[in-house]
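Working notes for the structure below.
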Amino acid sequence: TVKSDHTGARNNSRQETIAMFIQTQDTPNPATLKFIPGVPVMSQGTVDFADVDAAKPSPLARRLFDVDGVTNVFLGADFVAVTKADSLEWFALKPAILAGIMEHYASGLPVIEDGATVEDPHQDSADSETVQQIKQLLDTRVRPAVAMDGGDIVFQGFDDGIVTLQMRGACQGCPSSTATLKMGIENMLRHYIPEVREVRAAEM
């Protein structure tokens with residue numbers, strides 16, 4: 001379900017009104033909502049922040065953790081996926097989250113501070129040929145689909161035929177993600193890469 005929220009703010013330093021049309025979209029995880037600001041979020045890779053301490057490199061994520069009840073912030077290419085505490089309802093949190101995203105973009109601050117490094121496990125020139133094949137399949141067939149649902153599934157390791165994947169954003173804690181992992185991703189990787197025997201989710 002895609003909903004549009006029109007949010008406007010005046011940036012006094014430049015005396016102009018910045019209007020954002022932030023869309024909100026449900027995800028398969030009821031605790032996670034996807035916010036689409038209509039502007040780029042991450043120029044490359046994705047990043048998952050589990051708490052405010054981890055969010056130090058990101059002014060946007062820090063601002064969202066200021067909202068009481070936000071438990072996780074995931075930044076994708078063109079969206080922000082926010083996870084809430086189970087005890088709170090979206091109708092109470094959504095206005096503050098929308099305002100936080102709008103205020104961030106009105107501030108002119110970067111999404112990730114200059115000089116901060118965001119680890120992308122899919123960029124490693126030392127990968128074996130098998131690992132390169134696994135990553136390519138994930139990048140072309142899996143990650144675009146799960147990004148639509150407000151999440152990401154990234155490669156973490158390959159050892160003795162077992163592929164370990166890390167769930168991020170809406171995929172983390174989602175009831176259907178385990179089935180996706182086993183039925184979809186494992187079957188696909190085993191079909192294309194005979195060395196793969198099993199796919200597991202990384203321990204959190």
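Observations, loosely collected:
- Residues being within 14 Å of Leu137 (Cβ to Cβ) and open to solvent by 50 Å² or more (accessible area, probe 1.4 Å) - total across segment 161-200: 6
- Some residue of segment 36-55 being of a type in the set (Val, Ile, Thr), free of Cβ contacts under 8 Å to residues at least 60 places away in the same chain and either in contact with a Gly (Cβ under 8 Å, 6 or more places away or on another chain) or part of a strand (DSSP E or B) (or both): yes
- In segment 130-186, the residue that is farthest from the chain's Cα centre (by Cα) out of those that are among the charged types (D, E, K, R) and either modelled with pLDDT of 90 or more or closer than 14 Å to Ala201 by Cα (or both) is Asp160.
- Number of the condition not met by Ile101 [criteria: (1) surrounded by fewer than 18 Cβ atoms within 10 Å (Cβ to Cβ); (2) among the β-branched types (Val, Ile, Thr); (3) farther than 27 Å from Ser176 by Cα; (4) modelled with pLDDT of 90 or more]: (1)
The values are calculated or read from the model by the stated rules, or taken from the named source; none is laboratory data. Given the structure is predicted, the values throughout are model-derived calculations rather than measurements. Counting neighbours? That spans all protein chains shown, and the Cβs are built from the backbone with ideal geometry, glycine included. SASA here: full protein model, heavy atoms, side chains in, ligands and nucleic acids out. Shrake-Rupley method; radii C 1.70, N 1.55, O 1.52, S 1.80 Å.
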